[in-house]
Structure formats: C-alpha cells, structure tokens
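As structure tokens, the structure follows; a few thoughts come after it.
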Amino acid sequence: MAEDFDENEFNGEENIETEEVNETVVDAGVDSEEEEDESLPFAKAEVVRLMKENLDDDKMIKERVKVEMNKFLGDILKNVCVQLNEYPYTTIQYEMLKECIYPYTNVKRINQEKQRILLHLDAIKADCDALSMDVKRTFKIKDTPEEEENLSVFGEDDSEFNEE
C-alpha cells in the first residue's frame, strides 16, 4: 500500500504541475489578448456591440474586421483632434466639433453634391463643344497668315486708310 500511496502522491503532483502549466498557457493567451486590446483605441467589446447593432443578424464578424474597425475609428478620432488643434482657442466648443466632423457625418450629401457638380461640368463641356462647332462652321476660320492680312473688317482693302 505504501507503493500505491507513493504512486497516487506522484500522480497528484503531476496533476498539480499540469494544472499550473495550463494556467500559465491560459494566462499567456489572456496577456496576448490584453496586449492587443491595449494597442486598440477603444474597448473591442463596445465596438463589436455597435457593429452587431447595425449589421444584419446573419452576419458574422471576423476578428481582423473587429480590430481594423477599432483602429479606423481611432484614426478618425485622431484626424478630428488634429483639426480641433488648429483652432487658436483653449476651449473646444460644440460648433468647432460640428465643423470638424462634417465630412464624416455628411458623406452622402457630399457625394450627391459631387455628382451634381460633375453633371453640371459635363453640360458645360457639351455647350462649349457645340459653340466651338458653331464658330468653326459659321466663320470658317482660316489658319494661313497671308489670308488674314488681306482680310479687313469691312471686306475691303485697308490701304486707303493706311495712307492717311
């Protein structure tokens, strides 16, 4: 029985050592996740919760998407703060914030305005092309300098006016 006791004691020690190793491995995994979370600007759980609220229920979010969305939001925050720092005032007012976040909150309106301007420019180009064709057809512009010298405003020879 003494041998059985020793074996059980040995097995018990082995189990304790195995548990310690498992805890160390689990702790290392938690540390790497904590380190990753520390490098992110926002709490990952909060970003994921907001994403899930706005995505369809059947969507699954990959880990990389969660991390990159978090970094993206952090970059936007940094850009807005850079713009806010350009103000000479020590207190940041709500109006300043509204002005700085305008490009992010009005993307749809800005894109619509861009499309409207591009369509207007296309119309202007078409008008210019039509006017150019009318001018070429009506006035039949000649590129030779000899003919330009012989032409006058009245259609007559200018030599009479030059002699006076």
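Applying a DSSP loop filter and a limit of 16 other Cβ atoms within 10 Å to the trypsin sites (Lys or Arg not before Pro) in the range 65-142 leaves LYS140, LYS142. Counting neighbouring Cβ atoms within 10 Å and putting the fewest first, the residues ILE124, ILE61 line up as ILE124, ILE61. When the GluC sites (Glu not before Pro) in the range 63-116 are filtered for DSSP coil states and for at most 12 other beta-carbon atoms within 10 Å of their beta-carbon, the remaining sites are GLU86. Taking other residues whose beta carbon is less than 14 angstrom from the beta carbon of PHE72, and scoring Lys, Arg as +1 and Asp, Glu as -1, yields +3.
Model label sites at LYS140 and ARG109, defined 7 Å from Cα along the beta-carbon direction, differ in position by 5.6 nm. Extending 7 Å from Cα along the Cβ direction at TYR94 and again at CYS128 yields two label points whose distance is 4.5 nm.
Only lysines eight or more places from LYS98 in sequence, or on another chain, were considered; those with a Cα closer than 24 Å are LYS71, LYS78, LYS108, LYS114. Taking the charge dipole of the range 27-104 about its Cα centre, with +1 at Lys and Arg Cβ atoms and -1 at Asp and Glu Cβ atoms, the residue from PRO103, VAL67, VAL82 reaching farthest to the positive side is PRO103.
Bear in mind that the values in this text are calculations on the coordinates, not laboratory data. All figures in this text were calculated on a predicted structure; none of them were measured in a lab. Neighbour counts are summed over all protein chains in view; Cβ atoms, including those assigned to glycine, are modelled from backbone coordinates with ideal geometry.
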